[in-house]
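Have a look at the structure below, then the notes.
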Amino acid sequence: MSNHSHHHRATAPRKRTLLAVLLAVAGLFALAPSAAYAAPVADHCVVNLVTEETTCAATQSAALAADAAASDEVGIQSVTLITLYDRTNYDPAGGTRSFVGDGSYTCSAAYSPVEFSVDYLDAAGWNNRASSVHTYRSCDIKLWDTVTLSGASSTWIDNLANLDTIGWSNRAGSYQIS
């Protein structure tokens with residue numbers, strides 16, 4: 001009997017240590033989801049319409065800088081044509097998608113011909129997400145309800161701080177730039 005109780009005393013500290021380790025690991029897993037939801041990582045992306053590369057980063061400025069550096073490597077100077085914002089009033093906090101072209105590129109004054117078409121905003125993780133849009137270099141944007149430029153379409157938009165004012169918040173699946 002005394003041998004058994006001696007054996008029991010020797011294992012008791014080991015069990016407590018194991019329990020402490022398991023609780024610590026469980027605590028880490030419990031914290032992970034809330035940390036992940038606090039701020040989406042790399043929800044600012046730049047889609048280069050010339051190189052067809054997408055560059056993402058934790059901030060809008062970092063994404064634009066990364067695209068500029070990558071473009072410079074292949075001899076292209078990237079310029080922003082449009083930026084879609086997840087939030088109204090061009091607020092970058094919710095995420096952005098900027099679409100860039102080459103160098104001194106400026107859109108034509110007329111709506112025809114269409115300079116660029118982006119058929120699948122879902123490929124960029126942006127289907128039904130845009131709440132405001134900023135355009136640059138004389139470009140305008142036409143939003144389409146679904147992918148492949150189908151369904152209903154908006155009018156041509158220059159800059160719009162709140163797409164809901166024309167019924168287009170969180171709705172666009174594809175678009176054209178002209």
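Please treat every number below as a calculation from the coordinates, not as lab data. Since the model is a prediction, treat every value here as computed from it, not as a measurement. As a convention, Cβ positions derive from the backbone with ideal geometry for all residues, glycine included, and neighbour counts pool all protein chains shown.
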Query raised in the report: So what are the ³J(HN,Hα) numbers for region 143-160, from phi and the Karplus equation (6.51, -1.76, 1.60; θ = phi - 60°), rounded to whole Hz, Gly and Pro as x?
Result: 8, 10, 4, 10, 5, 6, 6, 10, x, 6, 10, 7, 6, 6, 10, 8, 10, 8
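Could you tell me which trypsin sites (Lys or Arg not before Pro) in region 101-178 are loop residues by DSSP with no more than 16 other beta carbons within 10 angstrom of their beta carbon?
On the way: sites: Arg129, Arg137, Lys142, Arg171; in loops: Arg129, Arg137, Arg171.
The qualifying sites are Arg137.
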Query - Distance in nm between pseudo-label sites at Tyr120 and Val50 (7 Å out along the Cβ direction from Cα) - result: 2.5 nm
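Below 8 Å between Cα atoms, with a sequence gap of 6+, how large is the relative contact order for region 83-162 in percent?
On the way: 120 pairs, mean separation 27.2, N = 80.
Here the relative contact order equals 34 percent.
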